[in-house]
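Right, one structure below, let's go through it.
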Amino acid sequence: MCSGRSIRVDNREGVSVISVELRPGESQESILKRFRKSVAESRILPTVRQKRWFTSKSEVRRIKRQKAIRKARRTQR
């Protein structure tokens, strides 16, 4: 994943690819900082955390319904 010149992450579905090239005179710490920032901006981590465990379709529907109920209650206030 990390060579001396670049950092790259490929999503399994191929949807998002993050690549950060080492600039001339740039330290390893700064390239890592740029990489972390680009990962945060692309919002990959929430997706990865969700897909860590299998969730059945019925469970997904139940969670969506609960979220909708909470959102509706918030907008009523």
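Below is a table of values for the structure above.
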{"item": "Subset of the stretch 19-47 (residues that are part of a loop (DSSP other than H, G, I, E, B), among the hydroxyl-bearing types (Ser, Thr, Tyr) and touching a Lys or Arg at 6+ places or on another chain (Cβ under 9 Å))", "result": "none"}
{"item": "Of all residues in the stretch 25-46 being of a type in the set (A, V, I, L, M, F, W, C) and exposed (fewer than 12 other Cβ atoms within 10 Å of the Cβ), the one that is nearest to the chain's Cα centre (by Cα)", "result": "LEU45"}
{"item": "When residues of the stretch 48-67 are limited to those that are exposed (fewer than 10 other Cβ atoms within 10 Å of the Cβ) and in a loop (DSSP other than H, G, I, E, B), the one farthest from the chain's Cα centre (by Cα)", "result": "SER56"}
{"item": "Inter-residue pairs, beta-carbon under 9 Å, first under 25 Å from VAL39 (Cβ atoms) and in the stretch 49-60, second of a type outside the set (Ser, Thr, Tyr) and modelled with pLDDT under 90, 6+ apart", "result": "LYS51/ARG12"}
{"item": "Near pairs, Cβ below 7 angstrom, 6+ apart or cross-chain, from the stretch 16-31 (under 16 Å from SER42 (Cβ atoms)) to any residue that is of a type in the set (Ser, Thr, Tyr) and surrounded by 11 or more Cβ atoms within 10 Å (Cβ to Cβ)", "result": "SER16/SER42; ILE18/SER38; ILE18/SER42; SER19/SER6; VAL20/SER6; VAL20/SER38"}
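The values are calculated or read from the model by the stated rules, or taken from the named source; none is laboratory data. Remember, predicted model here, so these are calculated numbers, not experimental data. Here the Cβ is made from the backbone with ideal geometry for all residues, glycine too, and neighbour counts use every protein chain on show.
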